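Just below is one structure, and these are the notes that go with it.
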């Protein structure tokens, strides 16, 4: 059942990422805690490309509200931890963010964590780079949530 904030306490039985978060697939989970799960992106846009998802179903970055700030911060922290775990030493050469609807392939909030950003190819830069009009960085999402009630 969906709540006002776009989250679902029990998840969505048809949502692939809800199934992954509940260990109902054979996906290799790289990091997890009570709130989040991290795994490799199936179509990597960089040498290191991971997804961090909340265990609770949240539709996408446009459904985020101010009270989701701690969740987004936890997602960013897990993104940094998976990079460190995989020996990415230059954390200034990374991209972390979300695809803006309707460019989100799975309707479950997922943070893209990519490194090294300086070595992404043209196709990846189109999808995840600074000039992409369908990708919003985690910093920008947090900034918008802190200054507005939701992501614009």
Exercise. Of all residues in the stretch 68-80, which are surrounded by fewer than 17 Cβ atoms within 10 Å (Cβ to Cβ) and in contact with a helix residue (DSSP H, G or I) (Cβ under 9 Å, 6 or more places away or on another chain)?
Worked result: 69, 73
Exercise. Condition test on residue 83, is it touching a helix residue (DSSP H, G or I) at 6+ places or on another chain (Cβ under 9 Å), under 28 Å from residue 125 (Cα atoms) and at pLDDT 95 or above?
Worked result: no
Exercise. Can you name the condition, by its number, that residue 89 falls short on among (1) within 16 Å of residue 48 (Cα to Cα); (2) at pLDDT 95 or above?
Worked result: (2)
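The values are calculated or read from the model by the stated rules, or taken from the named source; none is laboratory data. Values in this document were obtained by computation on a predicted structure and should not be read as measured data. Don't worry about glycine lacking a Cβ; one is built from the backbone with ideal geometry, like all the others, and counts go over all protein chains shown.
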